[in-house]
Amino acid sequence: MAKEIVTIPDLGTDDEVDVIEISVAPGDQITEEQGLLVLESDKATMDVPSPVAGKVVRILVKEGDSVKTGSEIVEVELDGDTEAAAEGDSAATDDDKSEDGKAGQGKPGADEAEAQPEASQQPTQQESTQQEPRTSAPAQDEVFELPDLGTEDQVDVIELSVAVGDQVEEGQALGMLESDKATMDVPAPYAAEVVELLVKEGDKVGAGTPFAKLRRQAAEEDAAAADAPATGKEPSAKEEPSAKKGPSAEKDTPADDEKAKPDSSSGAAATGRTERSAPRPPEPLPAEPDAPHESEGGKIYAGPAVRHMARELGVPLERVKGSGPKGRIQKDDLTRFVKEAVGRSEVPSAGGAGLPPVPDVDFSQFGETELVPMTKIQSLTATNMQRAWLNAPHVTHFDSADITDLEKFRKSLKDESERRNVKVTPLPFLLMASARALRAHSQFNRSLHSDGKHFVQKHYVHIGMAVDTPRGLLVPVIRDVDQKGLWELAEEAAELAKKARDGKLSAAEMQGGSFTISSLGAIGGTGFTPIINVPEVSILAVSRAEIRPVWNGKKFVPRQMLPLSLSYDHRAVNGADAGRFMTYLTEVLGDLRRLLL
Ligand code: CAO
């Protein structure tokens, strides 16, 4: 009796990939090219076809395992030997012959007894099944018990995928189980009607737990035994009324089509193999989001990992179009579905924007491109900016401060600055003046409470300053700015900027700000509209100071003018408040003696 261990063929990568589905069970009669497993990598789902025909003896992997080229997956007893050595296994062998070697797909006769040991605990029913495998015998009710789950622990029933009265096909998920480590489908052992569910969601179950009472359909057996598709159609048509029972009734048409093919499971696997081995790029979701996207035969094809992710995200799988083989739903499909749902404001994180998503463009069609990974800071900044921009209605107020005298004073500090080894730029003056303005205009020193009914008034003045670093934008916070002098602020600002550039800021040093200053003065520009660092309610942008002619009532005089712009959250601050805040600020910057008032 020759046996062969089937291994994973060359995957074209040295990386490990996940086994997301085992398509056969011990005792199954398989044909050459029939799918044994489904593998999923980051990029694709692929079927592993059997290189040989025969009977599955052992499965050497389980769902969730990682495998690579050459990994041993299934032990198969080769076909010729099976027939020769099949004494005492005659029902199965005869059936196999009668179906051109494909009958094993339907697991009839003795194969079934081997594949479902639980049935043998009901001798009368099993006997009758074995003796009259494919007659028009009355429908049989059998208790389906859970097979070996690969763990001795009890696991949770997290989903019942069928209801009493549903017509299920072989392999269709009856429910889903979840252990600490994995989520697994409970596949129907054969095509049947669900007569009774013996567990409910939340139950703890293990190998041997009675899961459901199933009624194997006599008509279905006839169909399985039939040779020609035309013959198979008749019993399928007879089944229609019962197939319409229960919640899956709307899936009837494709399911019936599939049933009409006597060997639909192996046929699908064979065609599926060709499709699966050449994964297609994901297709965009159709414009009509509410149309169900059930796969071939009315079934939803998705592995446990995808189902788990869908449950976590609250995504109804029947609405997701699968881009994998046979319409199999992959993780990317879920991600795309959620992105589109966000665009349609279907989930709270959409922030009510209701924006259509930006379509994915394959830029390589226009020329050479390269994928450059974002740094963590860049990626966080992107999220924060979008959140701030979409949540806070921004208004930007522009003004300019006459800092001619401030600059004279600043330059007069040059010697002392050198002595102290502290560089004084316009920034510490801006910090001081802003702190004073925040004290005088307390509505800028607030955040909106999430209840939508309160402001959180802050009685401290902590100001963040945007620092441009090679890894992205960082905003360290200077605490109690209103209580610090110029030298202290200059020193602290320089220290924090250095720490930011050296990647040495702690999380605490970037928290707690009530206002932010973003200065591009050293870089250039005449003005910009900064995005508020929410949950703060305003941010001051500082552009490059320059000498401009200013009318003093009698003549134009050259004055050093500093362009300032204040973006504010119009939910917390009104335009008049912003005008007053900026007037106050520019007056202080224009005459530092005002800090004494
Ligand atoms: N106008 C004209 N000159 C200015 C100026 C202004 N508004 N602000 C600063 N300068 C001058 C300084 O006086 C200094 O000149 P000197 O060496 O001759 O004295 C020079 O520009 C360099 O200043 P600096 O950048 O070293 O120091 P700073 O205190 O002005 O700024 C910091 C510190 C950390 C804010 C700044 O280096 C920085 O990173 N800015 C970028 C912030 C940013 O990216 N904002 C955008 C956020 S939104 O994308």
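Read-outs: derived from the displayed coordinates by stated rules, not from any lab. Note that the structure is predicted; figures quoted are calculated from it, not measured. Because the Cβ atoms are built from the backbone with ideal geometry, glycine has one as well, and the counts that use them run over all protein chains shown.
In a DSSP loop and with at most 14 other Cβ atoms within 10 Å, the trypsin sites (Lys or Arg not before Pro) in the range 441-470 are 453. Note on residue 556/residue 15: beta-carbon distance plugged into 1/(1 + (r/R0)^6) with R0 of 56 Å gives a FRET efficiency of 0.20. Beyond 22 Å, how much of the Cα-Cα pair distribution for the range 479-562 remains, as a whole percent? Within the range 479-562, distances greater than 22 Å cover 45 percent of Cα pairs. Extending 7 Å from the Cα toward the beta-carbon at both residue 408 and residue 453 defines two label points whose distance is 5.6 nm. Summing charges over neighbours of residue 416, with a neighbour being any other residue whose Cβ is under 12 Å away from its Cβ, gives +4 when K and R count +1 and D and E count -1.
Counting other Cβ atoms within 10 Å of each Cβ, which chymotrypsin sites (Phe, Trp or Tyr not before Pro) in the range 360-415 have at most 16 and sit in a DSSP loop?
On the way: sites: 363, 366, 389, 398, 409; in loops: 366.
Passing sites in the range 360-415 are 366.
Per-residue Karplus couplings for the range 519-533, computed as 6.51 cos²θ - 1.76 cosθ + 1.60 with θ equal to phi - 60°, are listed in order as 10, 10, x, 6, 9, x, x, 9, x, 8, 10, x, 8, 4, 7 Hz, Gly and Pro entered as x.
Taking a spot 7 Å from the Cα of residue 4 along the direction of its beta carbon, which residues of the range 64-78 have an amide N less than 16 Å from it? 70-78, by backbone N distance to the label point.
Restrict the search to the range 513-563; then list the trypsin sites (Lys or Arg not before Pro) that DSSP places in a loop and that have at most 12 other Cβ atoms within 10 Å of their Cβ.
In loop regions of the range 513-563 (DSSP not H, G, I, E or B), the sparsely surrounded trypsin sites (Lys or Arg not before Pro) are 554, 555.
Output the peptides 310-316, 154-160 sorted from most to least packed, where packing is the average of other Cβ atoms within 10 Å over each peptide's residues.
On the way: 310-316: 14.1, 154-160: 18.3.
Averaged packing, sorted descending, gives the order 154-160, 310-316.
Need the full-extension length gain, residue 383 to residue 504, defined as separation in residues times 0.36 nm minus the C-alpha distance. One decimal, nm. Mind dumping the intermediate values first?
Working: separation 121, 0.36 × 121 = 43.56 nm, distance 2.20 nm.
Extra length from residue 383 to residue 504 when fully extended: 41.4 nm.
Taking label points 7 Å from Cα along the Cα-to-Cβ direction, residue 154 and residue 366 give a separation of 6.0 nm.
A viscosity of 1.306 mPa s and a temperature of 10 °C, combined with the Kirkwood radius over C-alpha pairs in the Stokes-Einstein formula, give the range 395-508 a diffusion coefficient of 99 µm²/s.
In whole angstrom, how long is each semi-axis of the equivalent ellipsoid of the range 389-596, when you take the square root of 5 times every eigenvalue of its Cα gyration tensor and sort them from largest down?
Details: eigenvalues 135, 100, 50 Å².
Three semi-axes, in Å: 26, 22, 16.
Note on the range 3-78: Rg/Rh from C-alpha atoms, Kirkwood Rh, equals 0.94.
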